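Report on the following structure.
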Amino acid sequence: MSDDIVSRADSLMRRRSFVATPPAPTTPPASAASPAPGPLVALDFDADDIPVLTEEVQPEMPAGDLPRDRFDETLAARLSSEFAHTLERRLAAELPSLVEASLAVLESDLRRGILDTADAAIKDFLARREQLRLPLDDQDQAG
């Protein structure tokens, strides 16, 4: 695997350093036979010609992306209308389930509150009855 990586790097370095043939002459050669290809010529690259990973290249801004000097009211109205419709559709889809879940929680809280209140009232009533022991209660139990 490392041999493959080294061979690729070597190939890339050779492609960057040499050109296969020099440019063809504008006049045809005197002989009818095809000329032999020329030797490989090393190119002299300047450091500025090859972008480096540390350089930051800023793309040119297209005309549509130029900063605007004034507030475009038509665009703002269109965007706000589009947002309102999107929000309305989303709420229409999700609101029923949210309300149902909230009501289920409220119902369980209300039931628990009513049961706790009724339980406390029954315990309070029984405790007062035990403390008072009215004479009429004793007569009803004897008879």
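Coordinate-derived values only; no laboratory data. Since we're looking at a predicted model, the values are computed, not measured. For neighbour counting, all protein chains shown are included, and Cβ atoms are generated from backbone atoms with ideal geometry for every residue, glycine included.
Give, in nm to one decimal, the length gained when the segment between D116 and S11 is fully stretched (0.36 nm per residue of separation minus the Cα-Cα distance). Mind dumping the intermediate values first?
Numbers: separation 105, 0.36 × 105 = 37.80 nm, distance 8.31 nm.
Additional length available on full extension: 29.5 nm.
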From fewest to most C-beta neighbours within 10 Å, the residues T74, T86 line up as T74, T86
Charge context of I122, other residues only, Cβ under 12 angstrom, K/R +1, D/E -1:
0
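Calculated FRET efficiency, E100 and L132, Cβ-Cβ r, R0 41 Å, to nearest 0.05?
So, using R0 = 41 Å, E works out to roughly 0.30.
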